[in-house]
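Inspection log for the structure reproduced underneath, given as structure tokens.
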Amino acid sequence: MARSPIVFLLLLCLLPGAAVAPPTPDPAWIWPVDGVRAVITPFRAPAHDYGAGHRGVDMAAPTGVVVRAPAAGIVAFRGVVVDRPLITIDHGGGVVTTLEPVESTLTPGTAVAAGEDIGTVAHGGHTPAEQLHLGVRYNDVYINPMLKFGDVPRAILLPCCGPREDALSGSSHTGSPDTFTRGDGRVGRSL
């Protein structure tokens, strides 16, 4: 009797169509403005839903420059919120982008293709002049937009909290908070 579940699972794996292929990764998105990819203010995840952070990236984008859809989708909203003109695109699968400040003539319900012109960089909002803010939500949670462009920033661990002796490596942290000395005598500096 104990073998029945195992035999069933083996038979299930041998049936045609029973194996499910892993999902293919999404193709990298299109950068919304032409020119060099210059991120002025990176994504900073908040500690909690109402915490401080930066729920998107601000990129260099001169006023009047054409803004393109980073991926195919449907315009979900276009209008002014407080003092900022913006456009929101629903890409399906729980992925939604908002770009601001963007002047656009598109109306909600309009289908857009990846790379299609959706408006121009305008003035207003929290983003300084000559910048475009891009926020991406996945199932109503903000994520780092750079993940969608294939530019995942590398994590760098830095020393913390002033002088101390590291019991495992024998390193001590001395001097300024961005320098440290390892147990083998080498001095390191955080970036």
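The values are calculated or read from the model by the stated rules, or taken from the named source; none is laboratory data. Quantities reported herein were computed from a predicted structural model and do not represent experimental measurements. All Cβ positions, even for glycine, are placed from backbone atoms using ideal geometry, and neighbour counts span all protein chains on display. Protein only, heavy atoms only, side chains kept; ligands, DNA and RNA dropped before computing areas. Shrake-Rupley method; radii C 1.70, N 1.55, O 1.52, S 1.80 Å.
Protein heavy-atom accessible surface, 1.4 Å probe, per residue over segment 21-129: 52 Å². Peptides 107-120, 129-142, 89-102 ranked from most to least packed give 89-102, 129-142, 107-120, packing being the mean of other C-beta atoms within 10 angstrom over each peptide's residues. In order along segment 114-119, the Karplus-derived 3J(HN,Hα) couplings, from 6.51 cos²θ - 1.76 cosθ + 1.60 at θ = phi - 60°, round to 4, x, 6, 4, 10, x Hz, and Gly and Pro are given as x. Normalised by the number of residues in segment 84-142, what is the relative contact order in percent for Cα pairs under 8 Å and 6+ residues apart? This gives 40 percent for segment 84-142. When the residues PHE43, PHE149, PHE77 are ordered by accessible surface, computed with a 1.4 Å probe over the protein chains alone, the sequence from largest down reads PHE77, PHE43, PHE149.
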